[in-house]
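See below for the structure under consideration.
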Amino acid sequence: MRILLVEDDREIAEYIGRGLEEEGNRVTLCFDGAAGLRAAQTPAYDILVLDVMLPLLDGIELTRRLRAANIATPILLLTARDAAQDVVRGLDAGADDYLTKPFSFDVLLARLRARTRVNQSAGPAKLEYSDLTIDPESHQAWRGKTAVNLTRTEFAIVEHLMRSAGRVVPRARLIEAVWGAEREVGNNNLDVFIRFLRVKLDGPHHPRLIHTVRGLGYCLREEP
């Protein structure tokens, strides 16, 4: 699963994140509600795990704003409050599930599996744009009928660009989606991977798909 975890206690966030990654998941960490809102607005995640008590924007308001923006990604709220009215507020805001602290890590994993099971049962659909096709499940990519060998990071960049095809993806958002908000990855790192991708995907025999929008970021679009 691709999981966004928004938790202001860094020690807890890193502990949960490590545990989820050890189970084979890909985890992005954010430490306040505003950063969580920016990250959650991208289509890069299978489920969002949000602490309720967050700085700048609490988890319930964050949930409410995401649902108002028609973002349907499953949301699991974490909180130390277990009163009935608190549970009702979270669910009424649009959350799919509610887990009170302290909790068993095995229970967290089971809740995550349950909330993503419907989507996973059919398997992720292949993404297609122009003559570029990728399979998020097998991490395979094709340009036309030619298979393209991509690294894990290269695949994550392409997948994010394809899910926003035709729209400009800001550099900061692309870095956050691929490497996480707290990783020390700069524009130079991203530029290097984009150059690698252009060599692999565009090449001399295909119309260019990956375009630089100066001062903003990158866009996947067909040349006129």
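Of everything in segment 136-146, what is more than 20 Å from Tyr45 (Cα to Cα) and surrounded by 11 or more Cβ atoms within 10 Å (Cβ to Cβ)? Give them in sequence order. Lay out the reasoning, then the answer.
Initial filter on segment 136-146 (more than 20 Å from Tyr45 (Cα to Cα)): 142-146.
Answer for segment 136-146, where residues must be more than 20 Å from Tyr45 (Cα to Cα) and surrounded by 11 or more Cβ atoms within 10 Å (Cβ to Cβ): Trp142, Arg143, Gly144, Thr146.
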- Is it true that some residue in segment 23-33 is among the hydroxyl-bearing types (Ser, Thr, Tyr) and under 18 Å from Arg173 (Cα atoms)? yes
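Being surrounded by fewer than 13 Cβ atoms within 10 Å (Cβ to Cβ) and farther than 29 Å from Cys30 by Cβ, is that true of even one residue in segment 215-223? Show your work before the answer.
Kept after step one, since they are surrounded by fewer than 13 Cβ atoms within 10 Å (Cβ to Cβ), are these residues of segment 215-223: 215-216, 223.
When the remaining residues are screened for being farther than 29 Å from Cys30 by Cβ, the result is 223.
Yes, there is a match, as at least one residue in segment 215-223 is surrounded by fewer than 13 Cβ atoms within 10 Å (Cβ to Cβ) and farther than 29 Å from Cys30 by Cβ.
Picking from Leu37, Leu48, which residue would you name as being over 20 Å from Phe103 (Cβ atoms), buried (at least 17 other Cβ atoms within 10 Å of the Cβ) and at pLDDT 90 or above?
Details: Leu48 fails: over 20 Å from Phe103 (Cβ atoms).
On inspection, the qualifying residue turns out to be Leu37.
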- If you check Ala72, Ala13, Ala84, Ala80, which single one turns out to be modelled with pLDDT of 90 or more and on the phi < 0 side of the Ramachandran plot? Ala13
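Table: residues versus (1) of a type outside the set (A, V, I, L, M, F, W, C); (2) buried (at least 17 other Cβ atoms within 10 Å of the Cβ); (3) touching a helix residue (DSSP H, G or I) at 6+ places or on another chain (Cβ under 9 Å); (4) outside any helix (DSSP H, G or I).
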site: Leu76; (1), (2), (3), (4): no, yes, yes, yes
site: Gln85; (1), (2), (3), (4): yes, no, no, no
site: Tyr98; (1), (2), (3), (4): yes, yes, yes, yes
site: Asp106; (1), (2), (3), (4): yes, no, no, no
site: Thr116; (1), (2), (3), (4): yes, yes, no, no
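Based on this model, can you work out whether Pro136 counts as closer than 27 Å to Ile157 by Cβ, within 19 Å of the chain's Cα centre (by Cα) and not assigned by TED's automatic domain parsing to the domain that holds Arg163? Reasoning before the result, please.
Working: closer than 27 Å to Ile157 by Cβ: yes; within 19 Å of the chain's Cα centre (by Cα): yes; not assigned by TED's automatic domain parsing to the domain that holds Arg163: no.
Spelling it out, it is not the case that Pro136 is closer than 27 Å to Ile157 by Cβ, within 19 Å of the chain's Cα centre (by Cα) and not assigned by TED's automatic domain parsing to the domain that holds Arg163.
For segment 164-183, state whether one or more residues are over 20 Å from Thr42 (Cβ atoms) and either in contact (Cβ under 8 Å) with a residue 24 or more places away in the chain or in a loop (DSSP other than H, G, I, E, B) (or both). Please lay out each step first, then the result.
Going through segment 164-183, the residues over 20 Å from Thr42 (Cβ atoms) turn out to be none.
Checking segment 164-183: not a single residue is over 20 Å from Thr42 (Cβ atoms) and either in contact (Cβ under 8 Å) with a residue 24 or more places away in the chain or in a loop (DSSP other than H, G, I, E, B) (or both).
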- Task: Kindly check whether there is at least one residue in segment 188-206 that is over 18 Å from Phe155 (Cα atoms) and surrounded by 11 or more Cβ atoms within 10 Å (Cβ to Cβ).
- Result: yes
- Within segment 51-74, the count of residues that are in a loop (DSSP other than H, G, I, E, B), within 17 Å of the chain's Cα centre (by Cα) and buried (at least 22 other Cβ atoms within 10 Å of the Cβ) comes to 0
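What are the residues in segment 1-50 that are in a helix (DSSP H, G or I) and acidic (Asp, Glu), if any? Please lay out each step first, then the result.
Kept after step one, since they are in a helix (DSSP H, G or I), are these residues of segment 1-50: 10-22, 33-40.
Across segment 1-50, the qualifying residues are Glu11, Glu14, Glu21, Glu22.
The values are calculated or read from the model by the stated rules, or taken from the named source; none is laboratory data. These figures come from a predicted structure and were not determined experimentally. With ideal geometry, Cβ positions are generated from the backbone for all residues, glycine too; neighbour counts draw on all protein chains shown.
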